[in-house]
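Chemist: Supplied in C-alpha cells, the structure appears directly below.
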Amino acid sequence: MLSSKQANIKVLKTAILILIFCFFSLIFGFVATDGGEGFILIGTSLLSVAILSATILTRKDYFLLEPITYILLIVIFSFFLKSFYVILEVKSNPIVANKLLFGMGIENLSYGALILLLGLIFLSIGYSIKLPRLKIPNKITTITVSKKRFILFSFASICISYISFFLFVDSLNVSLSSLEDLSRKRFQGEGETAASRLDSLSYIYYRLSLLAKAPMYFLIYFKLKNRFKWKSLYGFLLIGCISINLIVPFFISNKAGILLPLTDILVMAYIINRKINFKKIILIGVPILLVLSFIASVRAGDSIAGHSVADRLFGDRYLMGITKNAHIINGVPEKIDFFYGETLIAWSNIFLPESLKFDNKAFTELDYYIGSRIFDNDFSGIPPGIISEMYLNFGAAGVIFGMLLIGIFLRWMHHTLLYPTKENSPLMLILYAIIMVRLPVFLFNNGLGVTILKILADTLIVLIFIFLAMKIKRN
C-alpha cells in the first residue's frame, strides 16, 4: 500500500502528464484545423477527457476497472480520436464524407460536441457523489457450490447450448456459400426491424445457445482460484463452455459477443489477483483482435484488405461518435419530435401483456426510427447512445439532469456490488463483472432500454444457474 504522501505524488505526476498530453493535443489540433470550426471538436473532446481524468484522480478509493474507466476509454476512442480522424480525413476519405458526415459540414458538428461535453460534465459531477451502498444479504453473498449439481447442470447447459445452436442455424435457412452470407444470415429480409429480424422460435434457439455462458463464468472463477487443472472434468467443461461461447458470436458476426465476456474475465482476474498480466493479455488479445477484424470485414461485406486500419477503427457509427450524435441532436425537432420520456420506458414493452403494449414504433424501435428518419437507412438501426437519447426526450435539460442521475447511479452500483466481491463471493464477483462492464458500454453505444434488457438477459441465466446448481450455506 502506498502512503498518503506517495499517493499524492503519484496523482500529481499523472496530472502533469495529462496536462502535457492536453497541451500538445491542442497544438496539433489547432494546426490540423487551422484554428477553424474543427478546433471546437478537438477542444470539447479533449476537455471531456480532462474532466473524466480529474474525476478519477480525485478519488482515493478508485478501482482500476470501474465504470468511469470504461467511459474514459469510450470518450478517448470514439470522441477524441474519432474527431481527429474526421477532421484529417474529411477531404480525402469517402467514408468520412459520405457515411459519417452524410452531407453535413464540419461546422455543423459543434453543437453536438457541446451537448456531449455537457452530458459528460454532469455525469462526472454525479459520479463524484458517493451514496451509502446497499447491503447485500449474507445468504446471497455466501452461496456455495454443490459439486454434483454443478457438474450436472454445467454439462446440461453445454448440451442445450450446442443443440440450440444447430437448431438456430437450421431455422435461418441461409446459404453459407460466401463470406458475405456470414453477415446476411442475421436478417430475414431487407427492411426488417429488431422485432421481426428473427422469428420467435429462432430467437429462442439463439438465446438458449448462450446458456453455457453461466457455468463458464463460475468455472473461470474456480480456475482463477486454482481449484482445478485443465486435464480434469472441470477443465473439459470449461473448454466446452468457451468453445460454444466463441462459435455463436462468430457465426452471427457479433464482435461484442466475444469482446464483452473477455472483458468480464479480465475484471474477475483483476479483482482476484489485484494485478493485470499484460503478457497473457497480449498472447490472448492478438488472435482475438484478428478474429474481430475478420468479423468486421464479414459484416461490412468486403475483403479484409478493403479499408485502412483507421477506417476499421473509426469509420462506423458506434459509441460516442461525434458525427452520429451530431446528426441526431441536430435532427431535433426538425426530423424527430421530442419524446418527453417515452423512449426511457419503452423497454418495459417486453413485459407487458398484448393489450397494454406500446404500438408507437418511434420509441419501441428507436434505433430503426433514427436510422430511417435521420440517416435514410431502412435496413439497419442506428442507436442514439444515452446522451443523445436524453436530448431526444427533454433537450439540454434532459442531458443535464439525466446524466447527473446516471453518474450517481453508476457510482452507487459500483460501490454496492464491488464490496461483497472482497468476501470471496463468486456470484457477486460475476454479477459485478457483467453489470459494471455492460452498463457504460451499452449506455453509450445504445441507450437506456437496450442496456436494461441486455443486462437482464446476461444476469438472468447466471441467477437461474446458481439457483439450480448451488446450495445456500445457512447460518
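Chemist: I need the full set of residues from region 226-264 which are open to solvent by 10 Å² or more (accessible area, probe 1.4 Å), touching a Leu at 6+ places or on another chain (Cβ under 9 Å), under 18 Å from residue 318 (Cβ atoms) and not in a helix (DSSP H, G or I), in order please.
Modeler: 252
Chemist: Could you tell me which residue of region 372-406 is most open to solvent (accessible area, probe 1.4 Å), considering only residues that are among the aromatic types (Phe, Trp, Tyr) and closer than 14 Å to residue 118 by Cβ?
Modeler: Only one residue fits best here, namely 401.
Chemist: Can you tell me which residues in region 338-371 are at pLDDT 75 or above, part of a loop (DSSP other than H, G, I, E, B) and in contact with a helix residue (DSSP H, G or I) (Cβ under 8 Å, 6 or more places away or on another chain)?
Modeler: Residues satisfying the conditions are 338, 339, 340, 341.
Chemist: Scan region 131-153 and report the pairs whose first residue is under 16 Å from residue 234 (Cα atoms) and whose second residue is open to solvent by 50 Å² or more (accessible area, probe 1.4 Å) and outside any loop (DSSP other than H, G, I, E, B), with Cβ atoms within less than 6 Å and a gap of 6+ or a chain change.
Modeler: Every condition considered, the pairs that remain are 146/471; 153/468.
Chemist: If you don't mind, another one. Read through the list (1) open to solvent by less than 50 Å² (accessible area, probe 1.4 Å); (2) in a helix (DSSP H, G or I); (3) at pLDDT 85 or above, then give the number of the only condition that residue 310 fails.
Modeler: Only one criterion is unmet by residue 310, namely (3).
Chemist: Can you confirm whether region 198-210 contains a residue that is at pLDDT below 85, touching an Asp or Glu at 6+ places or on another chain (Cβ under 6 Å) and surrounded by fewer than 17 Cβ atoms within 10 Å (Cβ to Cβ)?
Modeler: no
Chemist: Tell me whether region 382-396 contains one or more residues that are closer than 30 Å to residue 464 by Cβ and not charged (D, E, K, R).
Modeler: Yes, region 382-396 has at least one match.
The values are calculated or read from the model by the stated rules, or taken from the named source; none is laboratory data. Quick caveat: nothing in here was measured; it's all calculated off a predicted structure. Positions of Cβ are generated from backbone atoms using ideal geometry, with glycine treated the same way; all protein chains shown enter the neighbour counts. Heavy atoms of the whole protein, side chains included, go into the accessibility calculation; ligands, DNA and RNA do not. Shrake-Rupley method; radii C 1.70, N 1.55, O 1.52, S 1.80 Å.
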